[in-house]
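Structure, as structure tokens:
The values are calculated or read from the model by the stated rules, or taken from the named source; none is laboratory data. Remember, predicted model here, so these are calculated numbers, not experimental data. Cβ placement follows ideal geometry from the backbone for every residue including glycine, while neighbour counts extend to all protein chains displayed.
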Amino acid sequence: MRWTVRLRLTLLHGSLFLVCGVALLVLTYTLTRHKVAAGTPFVPVPDAPPKPGLGDRPAKPDPVVQEVQEVVAKALHEQRTDVLHQLLVQSGIALVVMAVLSLALGWWSAGRILRRLRTVTAAAREISATNLHRRLALPGPNDELKELGDTFDALLARLETSFQAQRRFVANASHELRTPLARQRAIGQVALADPDADVATLRAAHERVLAAGAQQERLIEAMLTLARGHAGIDIRRPFDLGEVVREVLDSRQEPVRTSVGPCPVSGHRALAERLVANLVDNALRHNVSDGWVSVSCGDGVLVVTNTGPVVPPGEVERLCQPFQRLGPARTGEGLGLGLSIVRAVAEAHDASVAVHARPEGGLETTVRFPTVNPLSSGRG
């Protein structure tokens with residue numbers, strides 16, 4: 001026998017009713033017995049009148065009167081006993097009947113309450129990765145079960161978004177990895193098919209193959225960083241984001257306008273370094289010849305601004321998705337993963353990312369980290 005929630009609720013409902021009914025029966029029986037036992041005879045028999053000439057002394061009780069009194073007392077006792085017995089038996093029968101009725105009502109009410117829960121269970125069994133668009137939209141009052149259904153719908157929405165992003169990522173990654181592989185194969189086939197190939201030709205072909213391999217390595221490294229950012233951070237340690245920004249800028253040769261101060265944050269230092277490096281490299285790569293790049297950091301806020309081609313405001317959100325590029329003007333040597341890595345790493349640090357297109361050209365990217373104060377010297 002399966003102990004379902006409905007069965008347990010029914011038994012609980014019936015048990016509580018039975019306990020309350022027994023307590024009420026005992027209390028009623030006790031009060032009734034006390035009242036009946038304390039009552040007076042229905043036909044009181046007066047004492048015999050005093051006999052003449054004996055003063056005020058009562059006469060000796062008449063044996064007949066005594067016998068009548070005993071018979072009446074015995075009859076009254078039997079009557080009380082019978083009444084109490086009938087009260088107990090009839091109350092017990094009524095209690096059994098009401099207990100059965102309470103079990104039936106408990107089974108009906110439990111089923112009615114759990115009906116929406118069965119809807120959630122049935123939907124959870126039917127929903128798979130191919131129909132995550134389904135929603136429960138439970139009707140009824142705004143109670144705990146309605147809240148459970150709304151929570152389940154929110155979970156389905158997040159899963160649907162995650163699955164769609166994963167499918168797009170896999171499709172785009174397959175396409176991006178196929179391109180350098182096809183280039184390598186074509187270069188090798190052309191070199192082998194040339195009957196007059198000399199050392200210089202083969203060397204040039206080999207260098208092009210190595211360049212395609214280097215592009216693959218950069219792409220795979222970027223994809224691993226993106227996946228690591230989406231996986232989250234298990235252990236967080238405080239570090240100075242301003243120090244990370246200065247280290248990244250010192251490793252670049254291009255001039256950058258800087259305003260960097262102490263910026264204590266908590267998280268994974270290596271991932272934060274990738275975030276800063278991607279923002280700075282994107283700003284330097286997608287710039288105009290006479291443009292500038294500005295980097296400021298302080299109070300948990302990192303802002304990277306650059307000049308460059310004009311970006312339509314409606315295209316900014318798309319650029320934050322993996323393998324999305326605006327066009328040849330912004331493609332260059334990039335992989336289309338810069339801003340998506342920035343967003344993934346920021347989400348892993350519970351930080352917010354805001355990307356705005358500047359009307360005169362270029363982008364302004366603001367990353368706000370949760371601040372940590374005071375700063376300790378741990379490293380991630």
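Filter the stretch 355-380 down to residues that are within 28 Å of the chain's Cα centre (by Cα) and modelled with pLDDT under 90 and give me whichever is farthest from Ser289 (Cα to Cα).
Checking each candidate, the answer is Val372.
Exactly one condition in (1) out of contact with any helix residue (DSSP H, G or I) (no Cβ under 9 Å at 6 or more places or on another chain); (2) outside any strand (DSSP E or B); (3) modelled with pLDDT of 85 or more is not met by Val276; state its number.
(1)
Can you pull out every residue in the stretch 232-263 that is touching a residue at least 60 places away in the same chain (Cβ under 8 Å) and under 16 Å from Val301 (Cβ atoms)?
Passing the criteria: Phe239, Asp240, Leu241, Pro262, Cys263.
Quick grid of which residues meet (1) in a helix (DSSP H, G or I); (2) of a type in the set (Asp, Glu); (3) farther than 16 Å from Ala157 by Cβ; (4) modelled with pLDDT of 80 or more:
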site: Leu88; (1), (2), (3), (4): yes, no, yes, yes
site: Leu95; (1), (2), (3), (4): yes, no, yes, yes
site: Val100; (1), (2), (3), (4): yes, no, yes, yes
site: Ile113; (1), (2), (3), (4): yes, no, yes, no
site: Ala124; (1), (2), (3), (4): yes, no, no, no
site: Ser128; (1), (2), (3), (4): no, no, no, no
site: Leu132; (1), (2), (3), (4): no, no, no, no
site: Leu138; (1), (2), (3), (4): no, no, no, no
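For (1) surrounded by 12 or more Cβ atoms within 10 Å (Cβ to Cβ); (2) touching a residue at least 40 places away in the same chain (Cβ under 8 Å); (3) of a type in the set (Ser, Thr, Tyr), each residue gets a yes or a no:
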| site | (1), (2), (3) |
| --- | --- |
| Ala99 | yes, yes, no |
| Trp107 | yes, yes, no |
| Arg116 | yes, no, no |
| Arg125 | no, no, no |
| Leu132 | yes, no, no |
| Pro139 | no, no, no |
| Ser162 | yes, no, yes |
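When only residues in the stretch 283-318 that are hydrophobic (A, V, I, L, M, F, W, C) and free of Cβ contacts under 8 Å to residues at least 40 places away in the same chain count, which is surrounded by the most Cβ atoms within 10 Å (Cβ to Cβ)?
Ranking the qualifying residues of the stretch 283-318, first place goes to Val293.
What residue, among those in the stretch 265-279 that are without any contact (Cβ under 8 Å) to a residue 40 or more places away in the chain and surrounded by fewer than 22 Cβ atoms within 10 Å (Cβ to Cβ), is farthest from the chain's Cα centre (by Cα)?
Initially, the stretch 265-279 is screened for residues without any contact (Cβ under 8 Å) to a residue 40 or more places away in the chain, giving 273, 276-277.
Cutting the leftovers down to surrounded by fewer than 22 Cβ atoms within 10 Å (Cβ to Cβ) gives us 273, 277.
Working: Glu273: 30, Ala277: 33 Å.
Ranking the candidates gives Ala277 first.
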